[in-house]
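The numbers here are math on the coordinates, done by the rules we state, and not lab data. Just so we're clear, the structure is a prediction, and the values are computed from it rather than from any experiment. Quick reminder, even Gly has a Cβ in these numbers, built from the backbone with ideal geometry, and neighbours come from all protein chains shown.
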Amino acid sequence: MAAIKPKHQRLVLLVIALAALLAAALLAMWALRSQASYFYVPSEIVADPPEADRAVRLGGMVETGSIETEADGVTMRFVVGDGTARVPVRFSGIAPSLFVEGSGVVAEGKLASDGTFIADNLLAKHDENYVPRELQDMNEHQVSQVVAETQ
Amino acid sequence: MHGFANPARFLRIARWLMPLLLASGVVLTASALAWGLFKVPPDRLMGDTVRILFIHVPAAWLGMAGWMAIAGASFAELVWRHPLAGIAARAAAVPGATFTAICLATGSIWGRPTWGTWWVWDGRLTSMLVLLFLYLGYKALADASSRDGGNGRVAAVFGLVGAVNIPIIHYSVLWWNSLHQPPSISLGKSAIDPAFLWPLMVATLGFSLIFGGVVLARMRAILADIQAEARLRRKAMAEPSGELANA
């Protein structure tokens, strides 16, 4: 067999090393996939409720028509859902301006024994859609039509 | 391929390519930002906050592309021993780190009104911060090895290993629940309205041209440094009793 050029030897060695490295990193990330999540979705909270004194984050969509403000004016109740499970949430404080019904939210707090999530902080989750104000009065279907037409 | 690795030929090309890239990049970026800041309509939810997109997204892309450039050049340096590849990798570190820092800063400013927080430790934000630290570590390592007369191979290995973070940044919003939104632009389709998309594309192109120009400028500076050092060394050898011999 002809001697391998050092250049080619380095190339092969480096490619093998890189492939091994990438595979190791991907495996590590795969192992982390539940721990590295920033929040639990409602179906995870319902299936496996956290202990009452453990601080967790709950993330999902604010159900349309579910936001109610209580008599004191600062406490609000709403329902966070993910399509399969729903968790009622109570929050006292100032909500971010992007916190609206039908939009994503991350609530930080604890799950009370009655199944209500007591949030002490709300983060609005912005989705990947960027749409100008002129299109906001149309419903979602119309918007997607307009966007599809102009692309 | 080795034709491009000839420093003299590279310098001849870089001499006119660098100002060309910088000038066209500045013109494109300035017009895209003017368009994005004054002409584009406000977003339906975010209002005027959406305008930070035109700096944030190109900065994020270049922060990641900068490391891919370091990794690619490091690969070429290790395998083919290109004389210019190591210099190119070192030249990409500072602009890459700068754009990563801009991405983190603008993202934080955007996050306060939009999410209601300056910073969260979710997958995307954390992996982007790790990228900034990787840049700083790479820069320190590359500088140290070139000062001590090393061949820069340690820095090249670091550049390759660090590239593992790039797919993690990209997939962080898909693998893990995160506060950061998933990618808006994937191959062939975009969830960004064309009113925002076009200035974003132009700004990205403009910033990329500036990035290329800065890398070429830094490569020329590093080559000039190496030349000056070699000249000093020759001079010191020629007159051993002179001051330079003690330096």
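Per DSSP H run of at least 4 residues, take -39500 (n - 2.57); add these up for chain B, divide by its residues and hand me the 222 nm value, nearest 500 deg cm²/dmol. All intermediate terms of the calculation are to be shown ahead of the outcome.
Details: 7 runs with 179 residues, N = 247.
Calculated mean residue ellipticity at 222 nm is -25500 deg cm²/dmol.
Quick one: pull the percentage of alpha-carbon pairs in the stretch B:1-96 with a separation above 23 Å. Provide the component values of the computation, followed by the final result.
Numbers: 2048 of 4560 pairs.
More than 23 Å apart: 45 percent of the Cα pairs in the stretch B:1-96.
Give the percent of DSSP beta bridges with both residues in chain A that are antiparallel, rounded to the nearest 5.
Working: 25 of 29 bridges.
Counting DSSP beta bridges with both partners in chain A, the antiparallel share is about 85 percent.
What nm distance separates the two modelled labels at A:Glu63 and B:Val94, each placed 7 Å from Cα along Cα→Cβ?
For the pair A:Glu63/B:Val94, the computed spacing is 5.8 nm.
Based on the mean of other Cβ atoms within 10 Å per residue, sort peptides B:227-235, A:77-85 so the most packed one is first.
Values: B:227-235: 11.1, A:77-85: 17.0.
Final packing ranking: A:77-85, B:227-235.
What's the average, rounded to a whole number, of partner chain beta-carbon atoms within 10 Å of each residue's beta-carbon in B:178-184?
Values: counts 7, 10, 4, 7, 2, 1, 4.
The mean count of partner-chain Cβ atoms within 10 Å per residue comes to 5.
Can you tell me the FRET efficiency between A:Ile4 and B:Lys139 if r is taken as the Cβ-Cβ distance and R0 is 30 Å, rounded to the nearest 0.05?
Working: r = 35 Å, r/R0 = 1.17.
After rounding to 0.05, the efficiency reads 0.30.
Which aspartates and glutamates does A:Lys110 reach when only Cα atoms under 17 Å apart count, and residues fewer than 8 places away in its own chain are ignored?
Qualifying aspartates and glutamates at Cα under 17 Å: A:Glu44, A:Asp48, A:Glu51, A:Asp53, A:Asp120.
Packing-wise, with mean Cβ within 10 Å as the measure, how do B:125-135, B:66-76 rank, highest first?
Numbers: B:125-135: 19.6, B:66-76: 22.3.
Per-residue Cβ counts within 10 Å, averaged per peptide and sorted highest first, yield B:66-76, B:125-135.
Would you mind ranking B:Asp48, B:Asp193 so that the residue whose beta carbon has the fewest other beta carbons within 10 Å leads the list? Don't skip to the answer; put the middle values down first.
Working: B:Asp48 12, B:Asp193 24.
Going from least to most buried by this count: B:Asp48, B:Asp193.
Need one value for B:113-124: mean number of C-beta atoms belonging to other chains within 10 Å of its residues' C-beta atoms. Let's see the in-between values first.
Values: counts 4, 7, 10, 12, 7, 0, 0, 6, 2, 7, 6, 1.
Across B:113-124, the average partner-chain Cβ count within 10 Å equals 5.
Shielding by partners for B:74-81, please: the mean number of other protein chain Cβ atoms within 10 Å of each residue's Cβ.
On the way: counts 1, 5, 0, 0, 5, 10, 3, 3.
For this peptide, the per-residue mean of nearby foreign Cβ atoms is 3.
What ranking of A:His126, B:His170, A:His8 emerges when the number of other C-beta atoms within 10 Å of each C-beta is taken as an exposure proxy, fewest first?
Values: A:His126 23, B:His170 14, A:His8 10.
The most exposed by this proxy come first: A:His8, B:His170, A:His126.
Which value in nm describes the separation of the simple spin-label points at A:Asp53 and A:Arg90, placed 7 Å from the Cα toward the beta carbon?
Modelled inter-label distance: 2.0 nm.
Which loop GluC sites (Glu not before Pro) in the stretch A:48-138, with loop taken from DSSP, have no more than 10 other Cβ atoms within 10 angstrom of their Cβ? Before the final figure, lay out the partial values.
Numbers: sites: A:Glu51, A:Glu63, A:Glu68, A:Glu70, A:Glu101, A:Glu108, A:Glu128, A:Glu134; in loops: A:Glu51, A:Glu63, A:Glu70, A:Glu101, A:Glu128.
For GluC sites (Glu not before Pro) across the stretch A:48-138 that sit outside H, G, I, E and B with at most 10 neighbouring Cβ atoms in 10 Å, the list reads A:Glu51.
Evaluate E = 1/(1 + (r/R0)^6) for B:Ser108 and B:Asp48, where r is the Cβ-Cβ distance and R0 equals 22 Å; express this FRET efficiency to the nearest 0.05.
Values: r = 17 Å, r/R0 = 0.78.
Efficiency for this residue pair is about 0.80.
For the protein assembly as shown, report the translational diffusion coefficient in µm²/s to the nearest whole number, using Stokes-Einstein at 10 °C, 1.306 mPa s, and a Kirkwood Rh over Cα pairs. Working shown, then result.
Values: Rh = 24.3 Å.
In µm²/s, the coefficient is 65.
How are the C-alpha pair distances of chain A spread across 5 Å bins, as whole percents from the shortest bin up?
In whole percents, the pair-distance histogram is 2, 8, 13, 15, 12, 10, 9, 8, 6, 5, 4, 4, 3, 2, 1, 0, 0, 0.
When every alpha-carbon pair in the stretch A:38-124 is counted, what percent end up more than 21 Å apart? Please list the in-between numbers first.
Numbers: 689 of 3741 pairs.
That tail contains 18 percent of the Cα-Cα pairs.
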